[in-house]
Amino acid sequence: MINIIKKFEHDNNVLIGVCDNSILNFKINKKTPFVSYTLAERTNPLLAFDKTKSIIVMATPYGKRLNFVPDNKKRAQISISAAGQDYHTKSRALLEKLMAEINQKTNYKIFVDTGPLNERALAKKAGLGFIGKNCSLITEKFGSFVFLGYALIDIFITPTQPAISGSCGSCNLCIEACPTKALSNNGMDPYICASYLTQSKQEIPERLKKGMHYIYGCDICQNACPKNNGKYISEINNIDLVMPEFKFLKSLTGKQFKEIYGGTAMFWRGKKTIMRNVGILEKNEDIH
Ligand code: SF4
Ligand code: SF4
């Protein structure tokens with residue numbers, strides 16, 4: 001079994017770890033935005049799938065970085081994680097492919113992003129990396145530029161690796177770079193993180209609007225992280241993918257917005273909220 005998993009990991013350029021079905025070591029300081037599960041549901045695999053014997057956790061690299069300097073006066077930046085095909089689709093397809101290669105009469109449930117269990121805690125337990133001060137999973141091979149997904153499976157697979165005990169040490173670069181002060185040595189306040197703000201439909205306080213530099217998501221703490229240096233696979237050459245012009249965005253009808261962004265991770269939030277963010281960025285950049 002482990003040979004199949006390791007071959008799949010190599011052939012598909014992903015990271016895969018396996019852990020058992022015991023309760024996750026995870027505490028909630030503040031309820032995660034957009035997540036309605038209870039602490040029990042977030043930590044107990046058996047509540048998500050009562051036949052779970054093992055959990056296969058997969059980290060899929062974004063693998064991309066910009067090869068141009070952003071021009072914030074003309075263009076609106078989108079998080080690299082939301083550029084191109086929606087990662088939910090890609091990660092789920094990879095996990096389904098792995099389940100097919102395991103090729104046994106197994107029962108399983110796959111979750112990508114919207115599942116009940118805390119994915120970072122699962123990935124840490126499965127030995128894929130450590131949780132940095134930016135509150136992201138940091139892997140050795142891809143840094144924090146990874147999407148996480150997992151499969152709960154009803155066969156026992158020996159856990160693959162011991163947990164990695166990396167750390168940030170004395171580095172504080174992400175905390176210093178964070179434009180809304182959402183990060184501190186005590187963790188993250190998710191309700192003032194600019195990435196959350198770009199997705200929230202709530203009224204945003206003026207002081208927080210000034211920390212918004214993306215129309216969807218925010219990559220600032222990840223870009224500041226030295227653990228991400230050189231961890232990309234390819235460069236994004238199409239500037240319009242991650243930095244469409246303000247005037248282009250404002251010219252789009254609902255139908256055109258769907259045609260262009262319908263397959264991306266940004267689309268779920270809807271044109272109205274994205275256009276509100278466009279307005280905030282234009283004001284921040286003093287664009288008239
Ligand atoms: S995503 Fe942006 S706002 Fe959120 S913690 Fe990172 S740097 Fe701060
Ligand atoms: S920037 Fe420094 S402190 Fe922040 S996650 Fe990276 S290594 Fe850790």
### Summary
Once phi for every residue in the stretch 37-47 is put through the Karplus expression 6.51 cos²θ - 1.76 cosθ + 1.60 (θ = phi - 60°), the whole-Hz ³J(HN,Hα) values, with Gly and Pro written as x, are 6, 7, 4, 4, 5, 7, 10, 10, x, 5, 6
### Message
If I fit a long axis through the Cα atoms of helix 271-284 and take the longest principal axis of the Cα atoms of the chain, what angle between them do I get, 0 to 90°, rounded to 10?
### Response
60
### Message
At 1.567 mPa s and 4 °C, plugging the Kirkwood radius over alpha-carbon pairs of the stretch 114-198 into Stokes-Einstein gives what diffusion coefficient in µm²/s?
### Response
90
#### Entry: Counting all C-alpha pairs of the chain, share separated by more than 36 Å (%)
17
### Task
Net charge near LEU152: determine it from the other residues with C-beta under 11 Å of the C-beta of LEU152, scoring Lys and Arg +1 and Asp and Glu -1.
+1
### Task
Quick one: compute the contact order of the chain, relative version, from alpha carbon pairs under 8 angstrom and 6+ residues apart, as a percent.
26
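Hey, what D do you get for the stretch 147-288 in µm²/s if you plug the Kirkwood alpha-carbon radius into Stokes-Einstein at 20 °C and 1.002 mPa s? Present the calculation step by step, with values, prior to reporting the outcome.
Numbers: Rh = 18.0 Å.
Using the Kirkwood radius from Cα pairs, D works out to 119 µm²/s.
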### Query
Lysine pairs in the stretch 131-255 8 or more apart or on different chains: how many have alpha carbons under 25 angstrom apart?
22
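Place a +1 charge on the Cβ of each Lys and Arg in the chain and a -1 charge on the Cβ of each Asp and Glu, then give the dipole magnitude about the Cα centre in debye, rounded to the nearest 20. It would help to have the intermediate numbers written out before the result.
Working: 39 positive and 25 negative charges, 88 e Å.
The dipole of the chain has a size of about 420 debye.
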### Summary
Residue by residue through the stretch 4-18, the couplings from Karplus 6.51 cos²θ - 1.76 cosθ + 1.60 with θ = phi - 60°, in Hz, x for Gly and Pro, are 4, 5, 5, 5, 4, 4, 5, 5, 9, 6, 10, 10, 10, x, 10
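Rank-order 94-105, 47-58, 145-156 by packing density, defined as the average count of other C-beta atoms within 10 Å over each peptide's residues, highest first. If you can, show how the numbers build up before the last one.
Working: 94-105: 14.0, 47-58: 20.7, 145-156: 22.5.
Going from most to least packed, we get 145-156, 47-58, 94-105.
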### Query
Is it possible to state the helix-based mean residue ellipticity at 222 nm for the chain, with each DSSP H run of 4+ residues giving -39500 (n - 2.57), the sum divided by total residues, to the nearest 500 deg cm²/dmol? What is it?
-8500 deg cm²/dmol
### Query
Among ALA76, THR114, LEU94, whose Cα lies farthest out toward the positive end of the dipole of the stretch 64-128, if unit charges sit on the beta carbon of Lys, Arg (+1) and Asp, Glu (-1)?
ALA76
## Note on the structure
Once phi for every residue in the stretch 98-111 is put through the Karplus expression 6.51 cos²θ - 1.76 cosθ + 1.60 (θ = phi - 60°), the whole-Hz ³J(HN,Hα) values, with Gly and Pro written as x, are 5, 4, 5, 6, 5, 6, 10, 7, 9, 10, 8, 9, 10, 9
#### Entry: Pairwise FRET efficiency - THR158 versus GLN256, Cβ, R0 = 41 Å, nearest 0.05
0.20
## Note on the structure
Listed by chain and number, the residues whose amide H is under 5 Å from that of ILE155, excluding neighbours fewer than 5 places away on the same chain and using placed H, are LYS53, SER54
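A short reminder: the numbers here are calculations on the coordinates, not readings from a lab. It should be emphasised that the depicted structure is a prediction, and the values quoted were computed from it without experimental measurement. Neighbour counts are summed over all protein chains in view; Cβ atoms, including those assigned to glycine, are modelled from backbone coordinates with ideal geometry.
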